[in-house]
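Asker: First, the structure itself, so that you have it in front of you.
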Amino acid sequence: MSGLALRAGASVRSPQGRAPQGVPAALDYFRDLLTPFGEKPDEELLSRGPHVHHRDLVDLLVADDGVGGSRPELAIVAHALPDVVPFTAVAPHLTERLGGRAVNFAIGQQGLAAPFTALRIASAYHRSGRAAEAVIAVLEQTTLPTPFPLPLPRATPLTDSAAALVLGASAEDGEGLGFVRAHAAGSAAAALGRELGQGGEDGTLLVLGPWVTEDVPDHGAVHRVAPGSYCTSLWLELADHWQEWRRDFRRIVLCDTDPRSGRSHVALFAATA
C-alpha cells in the first residue's frame, strides 16, 4: 500500500462565538476539579470568553468542500485545551458529518504533541489497511475557567482556531504531500538534527512554531509561524499553504516546542512527485 499523503486541508481562525450557556453547571464541575489543587474557577473569566465550542469548530471545518467531501475510515480530534462544555464527545460528531463510518476518538492531555501523535496513529492505520482515508481535526478554544496555564505573556493572547487535514493514499498524479514521520526530542535542535543533519538540505522548508525560541540548525528556507496558538499554529499554516509548499519544496519539516514540557516535536512531509 502507498504511503499516507495530505490531500486537502482547511483552517478556521477567530470564529464568531456564542452567548454563554451552561456556565453555572460548568462552574460546579470546575470547582470539584480545581479545589483539591487549591484553586477555584474564575466565573468572570469563564463568562466573558468567546465560547466557541469544539463542535462549532468542527462544523466550520467540514463546511470546506475538501474536508466536507471526505469519507474517512478514521477520524481523530486532537486538542491541547479542553472544550468549553465538559464531557462533550466531538469525534463522533465529526464522524457523523463525514459519512458516519469512521472509527473515531480524541487525543488530549498531551499538549501540542497531540497532533503529532494523531499523525503517527493515522499512518499506522493506513499501513495496516484499516483506513484508506483519515481526517485529523486539531481544535483549540480559549474560554477557560482559570488563566491560561502556560508562561504566555499577556501581550500575546490566544485565539480560537482549528485546522483539518484530509489524508489518503499517495496518488500517481503527485497532487498530495506525503507524510514521512513524526518524532520528538528534548530540544528543537535535537529533534531537527535527524531532518536537517546535512546542514540544511536544498529543497527543504523548515516551518517553526511560535514556541521555538532556541537556536536551531542553520537553514536557508525558514517559515516562522506568528504567535496566537498553543497547539494549532503549525497545522493552520500547513492547511493554508501545503499546495504552494509542495510546488516550491521537496521536503517540509514542521517543528514546535511545548512550553510546558520543554519537548520539541517534528513532522516531516515530502512532495509525492
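Asker: Given Cβ point charges of +1 (Lys, Arg) and -1 (Asp, Glu) and nothing else, what value in debye, to the nearest 20, does the dipole of the chain about its Cα centre take?
Answerer: 460 debye
Asker: Next up: Pulled fully out, how much extra length does the chain show between Ala19 and Asp240, if you take 0.36 nm times their separation in residues and subtract their Cα-Cα distance?
Answerer: Separation in residues times 0.36 nm, less the Cα-Cα distance, equals 76.6 nm.
Asker: Using θ = phi - 60° and the Karplus curve 6.51 cos²θ - 1.76 cosθ + 1.60, what whole-Hz ³J(HN,Hα) does each residue of segment 54-71 get, with Gly and Pro shown as x?
Answerer: These are the phi-based 3J(HN,Hα) values: 4, 4, 4, 5, 4, 4, 5, 5, 6, 5, 6, 4, x, 7, x, x, 7, 10 Hz.
Asker: How large is ³J(HN,Hα) for each residue in segment 28-33, as worked out from phi by the Karplus curve 6.51 cos²θ - 1.76 cosθ + 1.60 (θ = phi - 60°), to whole Hz, x for Gly and Pro?
Answerer: Residue by residue, segment 28-33 yields 4, 5, 5, 4, 4, 6 Hz.
Asker: Rounded to the nearest 20 debye, what is the charge dipole size of segment 1-157 about its Cα centre when +1 sits on each Lys and Arg Cβ and -1 on each Asp and Glu Cβ?
Answerer: 480 debye
Asker: Here is a further query. List, in order, the whole-Hz ³J(HN,Hα) value for each residue of segment 228-244 obtained from phi through the Karplus relation with A = 6.51, B = -1.76, C = 1.60 and θ = phi - 60°; use x for Gly and Pro.
Answerer: Coupling constants for segment 228-244: x, 9, 8, 10, 8, 4, 4, 7, 4, 5, 5, 4, 7, 10, 4, 5, 6 Hz.
Asker: Still on this structure, please answer the following. Long-range amide H contacts for Ala131: which residues qualify at under 5 Å (H placed 1.01 Å from N, peptide plane, sequence gap of 5 or more or a different chain)?
Answerer: So Ala131 has HN proximity to His126.
Asker: Taking Cα atoms, how many degrees apart are the long axis of helix 114-127 and the longest axis of the chain, rounded to 10 and kept between 0 and 90?
Answerer: Roughly 50 degrees, rounded to the nearest 10.
Asker: Would you mind calculating the gained length between His183 and Asp28 on full extension (0.36 nm times residue separation, minus the Cα-Cα distance), in nm to one decimal?
Answerer: 51.9 nm
Asker: Continuing with the same structure: On the protein heavy atoms, probe 1.4 angstrom, tell me the percent of accessible surface of the chain carried by carbon and sulfur.
Answerer: 48 percent
Asker: So with the 1.4 Å probe, I'd like the accessible area per residue for the chain, rounded to whole Å².
Answerer: 45 Å²
Asker: Follow-up question, since we're still on this one. Determine, for each peptide in 239-249, 51-61, 117-127, the mean count of other beta carbons within 10 angstrom over its residues, then list the peptides with the highest first.
Answerer: Highest mean packing first, the order is 51-61, 117-127, 239-249.
The values are calculated or read from the model by the stated rules, or taken from the named source; none is laboratory data. Here the structure is a predicted model, which means the values were calculated and not measured. Neighbour counts are summed over all protein chains in view; Cβ atoms, including those assigned to glycine, are modelled from backbone coordinates with ideal geometry. Side chains included, ligands, DNA and RNA excluded: accessible areas come from the protein's heavy atoms. Shrake-Rupley method; radii C 1.70, N 1.55, O 1.52, S 1.80 Å.
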